[in-house]
Amino acid sequence: MLKVFVSYHHNARKTAGRVKDSLTVLGMDVFLAHEDLEPSSEWQQDILRALKKCDVFIPLLTRSFHSSLWTDQETGIAVARGKVILPLRFSVLPYGFIGKFQALKAQKDLQGTCWKIAANLASKPAFKEAVTEGVITAFLQSSNFEESARRAKVLPKFEPFSAADLNRIVQGSAKNSQIFGGWAARDCVRKLIRENSQKIRRVFIRKFEERVRSWG
């Protein structure tokens, strides 16, 4: 599981919480200092441990980010440890040690922004397998038509999928009515089938099409 450290000013704690929730849905283990620390813990050591263990460091560049006593220190440690850094820009451009990194602009739709974060991370060979697994799980767990349509729209960004991934997608889609019963999601799955039919078990394809037909 990909470990992500989100650095933020306490004024942005609600936004940080939403980012954590969205990335967690995508199968990532997300650390927020103010949320994940017990009041009685040696919190500075906990932060250092989390920074040491994380794979990815995401600073939330809000207007108040630079005024925190700790965010710049967290950023400096992440840079010194050679972590993958993906700044999320709300109102401030990357500066200082992270000025060389291209920031991802945060959108009002933070869920969509977090899928873009996942797509960015999936482009890195070291992270592709872990991120892709989380993204597929999120798609297969879509709980309504709007959600399945939104996730189907970005799923192709994570191609190419392995044969195992493709079989998992088709088999899982046949079990979720919010996918086989939704126009956008079913079209996404059908496109994957058309383009990769030789890699997908026929029984899974048949089951998926049976589900689509039964939906009417």
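For the reader, a short list of remarks on this structure follows.
- A Cβ distance below 6 Å, combined with a sequence gap of six or more or placement on separate chains, defines the contacts here; from the stretch 77-91, residues that are closer than 21 Å to T62 by Cβ reach residues that are aromatic (F, W, Y) in the pairs A78/F57; V79/F97; K83/F57; I85/F57; I85/F101; P87/F101.
- Inclusion of F101 among residues that are farther than 25 Å from S142 by Cα and not assigned by TED's automatic domain parsing to the domain that holds E147 is warranted.
- Every residue from the stretch 181-206 that is surrounded by 17 or more Cβ atoms within 10 Å (Cβ to Cβ) and farther than 18 Å from P156 by Cβ: F204, I205
- Some residue of the stretch 155-165 being in contact with a Phe, Trp or Tyr (Cβ under 6 Å, 6 or more places away or on another chain) and closer than 30 Å to L60 by Cα: yes
- Residue satisfying all of: in the stretch 158-180; of a type in the set (G, A, S) and buried (at least 17 other Cβ atoms within 10 Å of the Cβ); farthest from the chain's Cα centre (by Cα) among these: A174
- V56 fulfils the conditions (1) surrounded by fewer than 21 Cβ atoms within 10 Å (Cβ to Cβ); (2) modelled with pLDDT of 95 or more; (3) among the β-branched types (V, I, T) except for a single criterion, (1).
The values are calculated or read from the model by the stated rules, or taken from the named source; none is laboratory data. Quick caveat, the model's predicted, so the values are computed rather than measured. In this analysis, Cβ positions are derived from the backbone assuming ideal geometry, glycine residues included, and neighbour counts consider all displayed protein chains.
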